[in-house]
Amino acid sequence: MMVRDITIPRDELEQFLLPQLLGRVFHVSTHERLEAILEDGAIRVHPPVAPSYDKAYFRNHGCVSLFDLRSITKDQLDDTLKVKYNFLNYHGDRHHPVFFLLRRDALAPIISWSKDLFEKSLGWQLVPYSEAGHPGDLPLTLVDDILRVTIVHPPDPPFIAALKAANRRA
């Protein structure tokens, strides 16, 4: 398992990053969490950080949240990225993503999205079509590739830059 560094302009994420994720199962974290995960040797169900979502279905049911793009359709993927959860840049401009791609021979315990699972998850947060879970902590021995992505954001238009500057002075 090695960490590959990739730098991609924000407006080219789908064109260059998505092809590396299609057909794969992966966990998404941030640059800030990478070192702790590597030192720990596992992605924890309950890491020592505040949860992103209190009502996350898989985390609250003892699983590490994953994305399963092995059999997702184009329409389902578009719905996921544009409406539900853009895992390519899920923290927007605040953080850069890290993708932990699971080994293809380590997928047996994965709980993939299904209509039955969706019905059981009502009242919880679950991304339809793409979110999956790994029961218990996910040892890094099940990961074969790590993509540490640095997203290059274009400069703000002059009007937005002026507003941000005014807010900083206020």
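How far is the Cα center of segment 1-61 from the Cα center of segment 93-170, in Å? Spelled out, the Cα-based centre of one part sits 6 Å from the other. Can you tell me the orientation of helix 158-169 relative to the chain, as the angle in degrees between its alpha-carbon axis and the longest Cα principal axis, to the nearest 10? Between the helix axis and the principal axis of the chain, the angle is about 90 degrees. Let me make sure I get this right: for segment 1-82, a, b and c are the square roots of the gyration tensor eigenvalues over alpha carbons, sorted descending. Under 1.5 in a/c it's rounded, otherwise prolate if a/b > b/c, else oblate. Which is it? Oblate. When the chymotrypsin sites (Phe, Trp or Tyr not before Pro) in segment 1-71 are filtered for DSSP coil states and for at most 14 other beta-carbon atoms within 10 Å of their beta-carbon, the remaining sites are 53. Dividing the summed helix terms, -39500 (n - 2.57) for each DSSP H run of n ≥ 4, by the number of residues in the chain produces a 222 nm estimate of -6500 deg cm²/dmol to the nearest 500.
DSSP finds beta bridges in the chain, and of those with both partners inside it, around 70 percent are antiparallel. Once the Cα atoms are used to define both axes, helix 31-40 deviates from the longest principal axis of the chain by about 30 degrees. Shape annotation for the chain: C-alpha extents along the principal axes are 51, 35, 32 Å, from largest to smallest. Using the Cβ-Cβ distance between residue 160 and residue 71 with R0 set to 35 Å, the FRET efficiency works out to roughly 0.30.
Under a Gaussian network description of the chain, with springs only between Cα atoms under 10 Å, the residue in 135, 157, 47 that fluctuates furthest is 157. Each peptide in 158-169, 107-118 was scored by the mean count of other Cβ atoms within 10 Å over its residues; highest first, the order is 107-118, 158-169.
When only Cα pairs below 8 angstrom with a gap of at least 6 residues are kept, the chain shows a relative contact order of 39 percent. For the chain, a simple Cβ point-charge model (Lys and Arg +1, Asp and Glu -1, everything else neutral) yields a dipole of about 340 debye relative to the Cα centre.
Bear in mind that the values in this text are calculations on the coordinates, not laboratory data. Everything quoted here is computed from the prediction, not taken from an experiment. Ideal geometry is used to build each Cβ from the backbone, glycine not excepted, and the neighbour counts take in all protein chains shown.
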